Structure formats: structure tokens, C-alpha cells
1. Placing +1 on the Cβ of each Lys and Arg and -1 on the Cβ of each Asp and Glu in the chain, which of Val95, Pro247, Val288 has its Cα farthest towards the positive end of the resulting dipole?
2. Quick one: what are the phi-derived ³J(HN,Hα) couplings along region 289-299, Karplus 6.51/-1.76/1.60 with θ = phi - 60°, whole Hz, x for glycine and proline?
3. Leaving ligands, DNA and RNA out of it, report the carbon-plus-sulfur percent of the accessible area of region 179-324 at a 1.4 Å probe.
4. What stretch of the chain, leaving out the sites themselves, is the longest with no trypsin sites (Lys or Arg not before Pro) in a DSSP loop having at most 11 other Cβ atoms within 10 Å?
5. Just check region 213-327 against the gyration tensor rule for me: Cα atoms, a ≥ b ≥ c as the square roots of the eigenvalues, rounded for a/c under 1.5, and otherwise prolate or oblate depending on whether a/b exceeds b/c.
6. Please report, as a whole percent, how much of the solvent-accessible surface of region 25-156 comes from carbon and sulfur atoms (probe radius 1.4 Å).
7. What does a probe at Lys226 reach in region 119-144, counting residues whose amide N is under 16 Å from the point 7 Å along Cα→Cβ?
8. Residue-wise, which Karplus ³J(HN,Hα) couplings in Hz belong to region 333-338, taking 6.51 cos²θ - 1.76 cosθ + 1.60, θ = phi - 60°, and x for glycine or proline?
Amino acid sequence: MKEKLEKIKQEALSQISSSDALEKLNEIRVNYLGKKGELTAVLKSMKDVAPEDRPKVGQLVNETREEIEKVLAESIAKMERMKREAQMKREVIDVTLPAKKNNVGHRHPNTIAMEEVERIFIGMGYEVVEGPEIETDYYNFEALNIPADHPAKDEQDTFYINGDFLLRTQTSGTQVHVMEQGKLPIRMIAPGRVFRSDEVDATHSPSFHQIEGLVIDKHITFADLKGTLAEFAKELFGADTKVRFRPHHFNFTEPSAEMDVSCFKCGGDGCRFCKGTGWIEILGCGMVHPNVLTMSKIDPEKYSGFAFGIGLERIALLKYEIDDMRLLYENDVRFLKQF
Ligand code: DAH
């Protein structure tokens, strides 16, 4: 029995040492240690062994089994390690290769300027609303006190879609949409795209952006308008900025004005930037006309308000000292990536 066990052991060990694959080692395990394996067969034949020899033989079988198991486990571990190393060699990454450049875009100067204006007004408690780009004649003109055949319509010729529908020439129509909702008081700005049949040049484009503003409450006066817009100018162009209001005409406001800011380039002395005047025009504004309030079902005896309209491109061009508006629309990354 002892010789038999020794023979089995030697055979198993030599098979183990000559195997070159994990599958083979598994096969050896089954052949020797499995249910129908050779060692198990020896255990089963214990009944033929004299009872007094059984413990000794049993011990011998166990020792043999342990020895084979130990060598087998070592071989399996070694083979797995080799397999892993080979795989790592195959999958090696060359970290010295130059990386692919990832071009991340960023905000357009128009967007940066718009978010800056929004930030300032939100800080003063205004709501940001959006109006439709396709309007009817009523919202774009009529309800803003610009009746059919009024000469003011000449300056704002636009693209008509069919019949009554047109591409809005100004964001002012959004004032009417908001007033019609009937919720008072109102403190809102409405940024958005507008359209006019203008030729493209350094200061004109058939499509550009405005930011409309509207405040309606009891006891709103021109002083509120002045204070608000002066504060806005300081936030946008710096604390030393001064403002001045020049009388103007807009159909939907009375009185109306245009607001200039002191030139932030020369501080008001006069330079190329402000064409020697020391002032730069940045918006139109005024007290909402009683006709406009009445048409939108707000009682002008109880409520008053002010409105303003800012040209967004103008702000972007001024802030970033860009001298041609066309650059904003050409999408040339060499230009855009400077901001
Ligand atoms: N909508 C005017 C324009 O396009 C700008 C404007 C002026 C808007 C005065 C206003 C305002 O709300 O009060 O020229």
C-alpha cells in the first residue's frame, strides 16, 4: 500500500511539473483527488486493509493527498501569475504618446454681456422673461402706440411672414405680453433676438439682440428710472461711471430719453472711442405712455412705470472694444477664443 501511494504521488507530481496550462492542472486534480480519482479509489479499498493497519494507512493517504494538493496549489498560483504578467505585457500603454487635444468651447461675447446684464437686474429684484420672435403687428407696433402708417414704422421695416405675422423689430412687444397677464407690480427684463431689414455693415445687422426692461407699480417716477439706470451703468462699466439723459422720442414712452454713459476709456475727456465727446450712448428709455397702459388694461391713474431698451451687441462691442459688429456673427474661432 505504501509503495502504491508513493507511486501515485510521484506520478502526480511529475505530471504537475510537466504541465503548461491551467486546464491541465485542473485535469490532474480531478484524476487524482476527484471523486473517481486514484487516491479516492485507495480510500475506498480501505476495507481490504487489516483493521489495525487502517489508521496508519489512512494517515498515509491523507499525507499524500495534502502533498499533492500543496504542489498543485503552488503550480496553479504560479501559472496564474504568469498568465497575468503576459496579459499585462500585451496591454501595456505607451504613456509617452502625445495626447489628443480636447477643444472645449466657451461663451460667446454676446452671451457673456447678456449674462452680465441679467446678473445686475436680477440683483435688483427683476425677473427675466422671454417673448416670441414671431409677433403680430399688434404686439410689435399697435399696442406700443405705433399705429398703422406711423412714420416710426419706416425705421423698423422687417420681414413679414404672412398677413399679420412678422419677425419682431424690438423686444418692446414683450412688455405688452407681460402687462396683459395682469399681475402687478412688474419688474422684468426680456432679452432676445430682434430683426430688421437692415444692410450688414460695421454697426448694423438684420438680426441682433436687445434687452427690454419694464417696471410698473404705484408711484413710479422718472427719479426711479434715473436711479435704476445710473446704478446699472455703474455696475456694468465701473463705479466712476456718470450718466446723462438726452430728450428723445419713442411712441410708447412719454417723456422719452436716451441715456449716455461717461466714456470708460478716457473718463469723459474725449477720445477716439467716444468720438471726442466724452459720452457713449447705450440705451433708450422713458415713462410708459398712458395709451400703452390703457391698451394693456392697466389704469394709468393708479399705476405708472418706466421702460428701457438696451442694444446687447453695442454693450458687447463697447465692453470688449470690438470695432466691427460683423465679427460677432462670423464664428471665426480665432476671434471668439479671445474672450
Ligand atoms: N424699442 C426701442 C428700439 O428698438 C428701444 C427702447 C426705447 C425700448 C425706449 C424701450 C424704451 O423700452 O422705453 O429702438
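1. It is Val95.
2. Once rounded to whole Hz, the list reads 5, x, 4, 5, 4, 4, 4, 9, 6, 10, 6.
3. Carbon and sulfur together cover 49 percent of it.
4. On the way: sites that count: Lys35, Lys36, Lys100, Lys101, Lys183, Lys218, Arg272, Lys275, Lys297, Lys302, Lys337.
The segment 102-182 is the longest one with no such site.
5. Details: a/c = 2.58, a/b = 2.09, b/c = 1.24.
Note, shape of region 213-327 comes out prolate.
6. 53 percent
7. Under cut-off, by backbone N: nothing.
8. In residue order, the calculated couplings are 4, 4, 7, 5, 6, 7 Hz.
The values are calculated or read from the model by the stated rules, or taken from the named source; none is laboratory data. All of these numbers come straight from a predicted model, not from anything done at the bench. Neighbour counts are summed over all protein chains in view; Cβ atoms, including those assigned to glycine, are modelled from backbone coordinates with ideal geometry. Accessible surface areas use protein heavy atoms only, side chains included; no ligands, DNA or RNA. Shrake-Rupley method; radii C 1.70, N 1.55, O 1.52, S 1.80 Å.
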